[in-house]
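Report on the following structure.
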Amino acid sequence: MPLTEHVALVSLTRDISFGSLLRVAAAVQKQLARDFDPIWQIAATVDVFEDLTSMPTDYRPVVVFGDCRELAGRLEFAIGEEQAARLIADFEADRLQGLHLNAFTRQPFALLEASDSWSVTASHEILEMLVDPWGNRLRAAAHPFDPNVRVNYLVEICDPCMTVCYPINGIAVADFYTPRYFDPVHSRGARYSFTGEIEYPQQILPGGYVSWIDTRDSQFYSLAGGSSEPELLLGREELARSGTPLRALADANTRTPMLAAAELRPARSVMAGAAYDAVLEASEGCALATAEAMASLAAELT
């Protein structure tokens, strides 16, 4: 029986309430158990912790942050004033999002900004952390423009469809591709992403991207949806000198597409309507019925 992975969701900003953190964690937990595990065969839990000190040591933290100075202030007690200042510099240089590795604990962790679309980003980061904890997992498949050339794609299961979301408990979560994404040929009836938005192998939706190492020159490239030319992210010598995970290198590059709330859209398979409002209304009705039942039981006991 495989080990169950554990993810900790922690907020280091006042912009995200503890209640919001719990609701997003519940939605992503349902996504993992119902949608993700049956496809990728990775069992995992998502749990909320008040701060980093209350998190068990074998959990992989996903940390939500807001203003860079607030983040540095919350961490200064642990990392010191000098490293806190460096943290602000990294934030201002837009180098903080994505997967990173903790040099001391050897555990992967992710940082995400408290934006309007943070629930989708949290789902995105958690799913990709589970499939590729170290940010270097590669899969060979055809070059995007030349089927006779094989390249090694970085396994980033949310990036090609990063602008697509679907609701769980009324909370928007990220679409993700399946292992069939790397099939050599299109197969009728195959599922290439959970929502079905990806319709054939290695398709890149508008706003999404893929990245790969070209075996002919050992350089790191990316291709955005709709682009006719790949972008060179890192040359051979730079790549050889770097020990940073490929995923972190891709996320830190200014030419890599980033998830923006304005570009986010629900999958076509999602029924129209205010999903969150419907869930909230149903929850309120259920809560009222439960409260009435408890009051009735209490009256009987007294």
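Below is a table of values for the structure above.
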quantity: Additional length obtainable on full extension of the chain from T53 to S218, 0.36 nm per residue less Cα span; calculated: 55.3 nm
quantity: Computed accessible area, Y200, all protein chains, 1.4 angstrom probe, square angstrom; calculated: 110
quantity: Potential lengthening between T45 and S242 on full extension [0.36 nm per residue; Cα-Cα distance subtracted]; calculated: 67.7 nm
quantity: Low-density loop cleavage sites - trypsin sites (Lys or Arg not before Pro) in segment 193-255, where at most 10 other Cβ are within 10 Å (DSSP); calculated: R216
quantity: Percentage relative contact order, segment 116-252, counting C-alpha pairs under 8 Å, at least six apart; calculated: 21
quantity: Exposure ranking of C161, C286 by accessible area [1.4 Å probe, largest first]; calculated: C286, C161
quantity: Label zone at S187, where the point sits 7 Å out along the Cα-to-Cβ direction: segment 140-178 residues whose backbone N lies under 19 Å; calculated: 140-142, 176-178
quantity: Low-density loop cleavage sites - trypsin sites (Lys or Arg not before Pro) in segment 1-31, where at most 14 other Cβ are within 10 Å (DSSP); calculated: R14
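The values are calculated or read from the model by the stated rules, or taken from the named source; none is laboratory data. Bear in mind the structure is a predicted one, so any value in this text is a computation, not a measurement. As a convention, Cβ positions derive from the backbone with ideal geometry for all residues, glycine included, and neighbour counts pool all protein chains shown. Surface accessibility is based on the protein's heavy atoms, side chains included, excluding ligands, DNA and RNA. Shrake-Rupley method; radii C 1.70, N 1.55, O 1.52, S 1.80 Å.
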